[in-house]
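In what follows, a single structure is set out as structure tokens and then discussed.
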Amino acid sequence: MVPGVPFRRKMVSRDVNPATGQDVRRTFSEGGIRMPRRTFTISEANALVPVLSEQLDRLKKLQHVAQEKFDEMEQLKLVGKRDESHYILDYDLKLAQEVFERTVAEANVLIKEVGASGCELRNIELGLVDFPAVVEGEDVLLCWQSGESEVLFYHAPFAGFQGRRPLTSGESAGSSGEPPNRSGY
């Protein structure tokens, strides 16, 4: 979120596909353009877990490198300026900045890849990813955390990590692939 810029929530509409009779969820972007919003079954979400695990491991490493380079740049700036436009350690600062920018660019590519799959990256450090799903006509989020072998939890869209509820035993990875039922929700 950018300071001074209000967070804008996307609006979701529900339409029915006349050919199939299936509910189609569409997300409106700010320009009024309709973009389909993917929903997942448990099986579909679990199929992405190995790839997401690798991507999150890489993102954590990139985040660590970016933080180190940012801290290094701040330290180099503290040494002082030679004149109004040049730092004393200008060359070292430029090298650190180049590594920082490349690292951030690579991380942004990975973040876009995760988003392009339809899942929602919530927190790199904790390795939290949500998968939009629909249960009995209600929107829920299947919830996976790095280190878990499969999707084991779900929560209401605004409940967040604190609202995670376990999938019932019949609903885990070996299930029919349908999202969880609402028992215990």
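The values are calculated or read from the model by the stated rules, or taken from the named source; none is laboratory data. Computed from a prediction, not measured in an experiment: that's the story for all the values here. Cβ coordinates were reconstructed from backbone atoms using ideal geometry, including for glycine residues, and neighbour counts include every protein chain displayed.
Tabulated results
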quantity	calculated
Checklist (1) assigned to a helix (DSSP H, G or I); (2) surrounded by 12 or more Cβ atoms within 10 Å (Cβ to Cβ); (3) modelled with pLDDT of 95 or more applied to residue 144, failing item	(1)
Condition met for residue 114 (exposed (fewer than 15 other Cβ atoms within 10 Å of the Cβ) and β-branched (Val, Ile, Thr))	no
Single unsatisfied condition, residue 129 versus (1) out of contact with any Ser or Thr (no Cβ under 9 Å at 6 or more places or on another chain); (2) at pLDDT 95 or above	(1)
Scan of segment 93-126 for residues that are touching a residue at least 24 places away in the same chain (Cβ under 8 Å), in a helix (DSSP H, G or I) and under 9 Å from the mean Cα position of the chain (by Cα), ordered by number	111, 114
Boolean, residue 134 is hydrophobic (A, V, I, L, M, F, W, C) and either crowded, with 18+ Cβ neighbours inside 10 Å or at pLDDT 90 or above (or both)	no
Residue that is modelled with the lowest pLDDT, among those in segment 78-106 that are in contact with a Leu (Cβ under 7 Å, 6 or more places away or on another chain) and surrounded by 15 or more Cβ atoms within 10 Å (Cβ to Cβ)	87
Test for residue 38: is it surrounded by fewer than 18 Cβ atoms within 10 Å (Cβ to Cβ), charged (D, E, K, R), touching a Pro at 6+ places or on another chain (Cβ under 8 Å) and within 30 Å of residue 157 (Cα to Cα)	yes
Of the criteria (1) of a type in the set (Gly, Ala, Ser); (2) in the same structural domain as residue 66 (by TED's automatic domain parsing); (3) outside any loop (DSSP other than H, G, I, E, B), which one residue 133 fails	(2)
